[in-house]
1. Multiply the residue gap between Phe209 and Asn289 by 0.36 nm, knock off their C-alpha separation, and tell me the result in nm, one decimal place.
2. R0 = 45 Å: FRET efficiency of Asp257 with Met65, Cβ-based, nearest 0.05?
3. For the chain, what is the relative contact order in percent, using Cα pairs closer than 8 Å and at least 6 residues apart in sequence?
4. Report D for region 181-284 in µm² per second (integer): Stokes-Einstein, Kirkwood Rh on Cα pairs, 10 °C, 1.306 mPa s.
5. Among 27-34, 383-390, what's the highest-first ranking by average C-beta atoms within 10 angstrom per residue?
6. Hey, can you grab everything whose amide H is under 5 Å from the amide H of Gly80? Only 5+ residues off in sequence or another chain; H modelled, so Pro and N-termini drop out.
7. Students often forget the sequence filter, so: which lysines lie under 30 Å Cα-Cα from Lys413 once same-chain residues fewer than 8 apart are removed?
8. Using only Cα atoms, what Kirkwood radius does region 50-144 have, in angstroms?
Amino acid sequence: MSMRHIASLIAVAASLALPVLAAPVAIVGGNVWTGTSEGTIPSGIVVIDKGRVVSVSKAGSPVPMEATVIDASGKWVSPGFISAFSRTGIVEVDAEDATDDTSASGSDYSVALDAADGFNPDSTAVAVTRVEGVTRIVVAPEASSNLFAGQGFVADTSGDVDTEILRKAFLLISLGDHGAALAGGSRPAAWAQFRAALDDAGAYPARYFTSNDGTALGRVDAEALGPAARGEQLILIEAHKASDLNAIMDFAAANPDLKIAIVGADEGWRVAPRLARSGIPVIVDAFSNLPASFEQLGATAENASRMMEAGVTVAISHLGDSSHQARLAIQVAGNAVANGMSHDDAMKALTTAPAAIFGLQGLGVIGPGARADIVVWDGDPLEITSNPDVVIIDGDVQSLKTRQTELRDRYLKLDEHNRPLAYVKP
């Protein structure tokens with residue numbers, strides 16, 4: 001072993017304890033899935049510096065002399081995964097209202113509710129999500145007072161107090177069964193409220209010169225809806241049934257200036273060709289394969305693969321427990337592969353697709369100029385037994401500690417005599 005290699009290993013060991021790497025970093029020898037036209041590069045070399053990818057090259061390419069070397073031989077290297085829909089960081093304990101900022105059923109506001117105001121980067125779920133290879137989370141509020149849930153955001157999973165947050169990345173609206181119930185009891189009521197709200201936003205501020213109330217929205221909510229109504233902000237619509245998806249596509253065709261995406265789409269496969277033609281992307285849960293409700297009677301484990309085969313842009317997330325299990329999106333993607341989706345398409349559904357849906361420039365890929373969100377895995381990322389060895393966010397090596405790992409290490413090494421006795425027979 002050369003002195004340079006020994007020095008590099010020592011430097012890597014030291015750097016893993018530090019939040020920032022000042023010198024360039026070279027990840028050497030891994031199976032690099034780039035998410036670009038370069039495809040997968042065997043034994044590739046990824047050089048990053050100042051938070052950006054400098055180069056991606058094949059084996060044998062020169063490595064900068066000053067670079068800290070991370071040996072990824074026999075491992076996988078991927079972009080940091082993006083959780084396309086979650087409530088990570090805005091709820092700590094579901095049963096404790098004081099820790100739950102997902103919804104506000106008693107509020108006078110809806111569209112204007114900004115979920116980023118409730119984000120807690122110290123949430124235990126953030127660290128758990130990070131150590132599973134997810135470096136960015138799309139976080140959404142939950143509709144509770146009417147069909148408008150509010151403003152969602154995108155954050156990194158560093159857990160830093162100054163975590164980077166992209167505020168108001170999208171507006172979430174709930175249609176289908178949930179939206180119908182919130183709007184007064186029917187789908188026609190939900191659509192009437194949606195159209196009236198867009199009319200209020202279009203007439204703001206003139207409609208509000210003499211009153212704080214519009215047809216459907218108050219002054220504050222009407223102003224907050226403005227960017228979405230003008231096509232400047234993504235409208236993310238929650239819907240599942242094929243007829244609801246068709247209604248959304250009809251609405252999109254009549255309002256071509258609006259930016260629309262769909263979350264849920266359990267029956268998306270039934271209207272997949274039209275979804276592809278419309279250019280409306282979807283976020284799905286490949287675990288959702290049972291008729292859990294009347295709007296999911298056509299649910300199937302092949303939903304994601306069928307839509308992607310038809311040409312729909314598909315991102316995969318875990319929608320079952322979106323508060324604490326965003327990391328399970330990776331297992332969901334693996335499940336999609338088991339049900340007809342190619343490995344490459346499943347990787348795209350965790351990286352390039354969510355980056356495209358939410359306009360996250362430089363994320364979801366490994367290429368020159370891309371942001372250095374990179375994960376080194378000890379095996380295929382979609383295998384349930386694989387784990388990240390190194391997680392990098394914007395060029396900084398992240399801690400792989402969580403509350404769970406600290407508890408494990410504490411009690412795993414505790415002397416038997418120091419352990420509390422659960423029961424002692426007198």
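1. 23.8 nm
2. On the way: r = 53 Å, r/R0 = 1.17.
Efficiency computed from Cβ-Cβ geometry: 0.30.
3. On the way: 989 pairs, mean separation 78.7, N = 426.
Across the chain, relative contact order equals 18 percent.
4. On the way: Rh = 14.6 Å.
After rounding, the answer is 109 µm²/s.
5. Numbers: 27-34: 23.5, 383-390: 16.1.
The packing order, highest mean first, is 27-34, 383-390.
6. Those lying under 5 Å, H to H, from Gly80 are Gly364, Asp373, Ile374, Val375.
7. Those lysines meeting the cut-off are Lys75, Lys401, Lys425.
8. Values: mean 1/r = 0.0598 Å⁻¹.
One decimal place: 16.7 Å for the Kirkwood radius.
The values are calculated or read from the model by the stated rules, or taken from the named source; none is laboratory data. In this text the structure is predicted, and so the values were computed from the model without any measurement. Note that we place each Cβ from the backbone using ideal geometry, even for glycine, and neighbour counts take in every protein chain shown. Accessible surface areas use protein heavy atoms only, side chains included; no ligands, DNA or RNA. Shrake-Rupley method; radii C 1.70, N 1.55, O 1.52, S 1.80 Å.
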